[in-house]
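Okay, structure first, notes after.
The values are calculated or read from the model by the stated rules, or taken from the named source; none is laboratory data. Since the model is a prediction, treat every value here as computed from it, not as a measurement. FYI the Cβ positions are ideal-geometry reconstructions off the backbone, even for glycines, and counts take in every protein chain you see. Ligands, DNA and RNA are stripped out before the accessible areas are found, and what is left, the full protein with its side chains, is counted by its heavy atoms. Shrake-Rupley method; radii C 1.70, N 1.55, O 1.52, S 1.80 Å.
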Amino acid sequence: METLDYFLPQLWFAILGLFLFLYILLDGFDLGVGILSLTASSEERRSILMTSLGNVWDANETWLVLMGGSLFGAFPLAYATILNALYLPAVIMVVGLIFRAVSFEFRENSRNKVTWNLAFGAGSFLAALGQGFALGSIFEGITVDGNGHFTGGAFDWLTWRSILVALTLIQAYVLVGSTYLVMKTSGALQQTHYRTAKLATITTFLGAAFITVSTPIFSPAIRPRLFAPPLLYLFLIIPLLGLLLVTLLYRSLNRQQETMPFIWTVLLFVLSFLGLGFLIFPYIIPPTITIYQAAADPSSMVFMIIFVGFLIPILLAYTIYNYVVFRGKIVGEADAPDS
């Protein structure tokens with residue numbers, strides 16, 4: 001039983017990490033496309049952007065629902081405390097997702113699409129902003145008592161560093177959204193998103209570099225772990241690998257490759273996510289409550305693994321099938337060269 005008490009929380013930490021990564025990556029590019037829709041120069045171009053999401057965006061958000069349910073079942077203490085501490089960022093995110101869902105459907109049947117266009121773009125921005133504030137709270141830490149219950153204030157999540165993390169995450173979403181649109185569009189519209197991808201590469205890199213450098217300076221709870229093995233080696237290797245991937249990404253954009261920019265961006269997301277996972281492990285409520293303290297009863301975790309074990313392959317197969325079926329470019333008159 002002692003072995004299970006250690007193995008099961010670690011396994012569920014990895015499963016939740018997988019769910020979160022798939023959500024951030026898959027819903028990240030369609031949030032990025034939604035934000036980019038605010039800058040579309042014509043209604044036809046905006047329609048192409050919306051069409052590129054039409055058959056995939058609902059499925060992308062499935063991973064968020066699955067992650068929330070799994071967190072509640074595997075780490076109920078963390079679920080209650082994190083939602084209590086991040087209530088307002090969660091509300092911002094949910095409001096943004098509601099705006100997106102409503103505007104996406106109503107826009108198709110509306111004669112005057114301006115209102116729904118703005119609602120979709122603003123909803124995408126709000127959803128990304130709320131997620132960024134939640135991510136920033138990981139670096140700031142959550143104030144809890146000895147029982148793991150939240151004891152901080154309603155705006156503890158709002159700091160200059162959480163704002164920086166939120167803005168960097170938005171730029172990362174714009175980056176992956178731009179590289180996705182490079183694959184899905186052609187002509188003048190594709191050239192536009194080559195440019196937005198280059199700009200987002202620079203802004204994302206600058207934000208990530210500052211977060212990397214400032215974390216050991218402004219996070220005393222994390223600093224001792226960062227400068228001790230094995231995190232010390234990872235802290236040295238991951239930024240170097242990140243710089244290499246950014247270089248390869250920017251070069252692929254300059255060469256106007258269609259698929260490689262998206263692949264390099266995905267690898268950047270993988271690298272960043274692995275770095276974040278190693279940074280917070282074994283804490284589920286940074287910087288005090290570990291996964292072992294917050295874990296549910298082993299029998300509950302085993303029962304959930306059986307259920308999720310059947311569900312994960314089905315969802316992955318559906319997601320892959322969905323993208324395979326709807327692969328290819330979205331073509332329209334907006335692909336004609338600018339006059």
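The table that follows gives values for the structure above.
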item	result
Wholly enclosed helices (runs of 4 or more DSSP H) of the stretch 256-339 bearing at least 2 residues over 21 Å from the mean Cα position of the chain (by Cα) and surrounded by 14 or more Cβ atoms within 10 Å (Cβ to Cβ)	291-294, 298-325
Subset of the stretch 11-56 that is open to solvent by 10 Å² or more (accessible area, probe 1.4 Å) and not in a helix (DSSP H, G or I) - its residue that is nearest to ASP297 (Cα to Cα)	ASN55
Residue pairs meeting the criteria (Cβ under 8 Å; at least 6 apart or on separate chains; first in a loop (DSSP other than H, G, I, E, B), in the stretch 74-85; second open to solvent by 10 Å² or more (accessible area, probe 1.4 Å) and of a type in the set (Val, Ile, Thr))	PHE75/ILE284
Lone unmet requirement of (1) among the aliphatic types (A, V, I, L, M); (2) modelled with pLDDT of 90 or more; (3) not in a helix (DSSP H, G or I) for ILE142	(2)
Unmet criterion (only one of (1) touching a residue at least 12 places away in the same chain (Cβ under 8 Å); (2) surrounded by 13 or more Cβ atoms within 10 Å (Cβ to Cβ); (3) in a helix (DSSP H, G or I)) for THR247	(1)
Residue within the stretch 222-237 that is more than 13 Å from VAL182 (Cα to Cα), open to solvent by less than 80 Å² (accessible area, probe 1.4 Å) and charged (D, E, K, R) present	yes
Condition met for GLN171 (open to solvent by 50 Å² or more (accessible area, probe 1.4 Å), within 24 Å of ILE48 (Cβ to Cβ) and within 18 Å of the chain's Cα centre (by Cα))	yes
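A quick yes/no check of all residues on (1) buried (at least 19 other Cβ atoms within 10 Å of the Cβ); (2) more than 20 Å from LEU158 (Cα to Cα); (3) at pLDDT 90 or above:
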residue: ILE82; (1), (2), (3): yes, no, yes
residue: TYR87; (1), (2), (3): no, no, yes
residue: MET93; (1), (2), (3): yes, no, yes
residue: GLY96; (1), (2), (3): yes, no, yes
residue: ARG100; (1), (2), (3): yes, yes, no
residue: SER103; (1), (2), (3): yes, yes, no
residue: ARG111; (1), (2), (3): no, yes, no
residue: TRP116; (1), (2), (3): yes, yes, no
residue: ALA127; (1), (2), (3): yes, no, yes
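Results for (1) open to solvent by less than 30 Å² (accessible area, probe 1.4 Å); (2) out of contact with any strand residue (DSSP E or B) (no Cβ under 9 Å at 6 or more places or on another chain); (3) closer than 14 Å to PHE269 by Cβ; (4) part of a helix (DSSP H, G or I), shown as yes or no for each residue.
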residue: GLY132; (1), (2), (3), (4): yes, yes, no, yes
residue: LEU135; (1), (2), (3), (4): no, yes, yes, yes
residue: PHE155; (1), (2), (3), (4): no, yes, no, no
residue: ALA166; (1), (2), (3), (4): yes, yes, no, yes
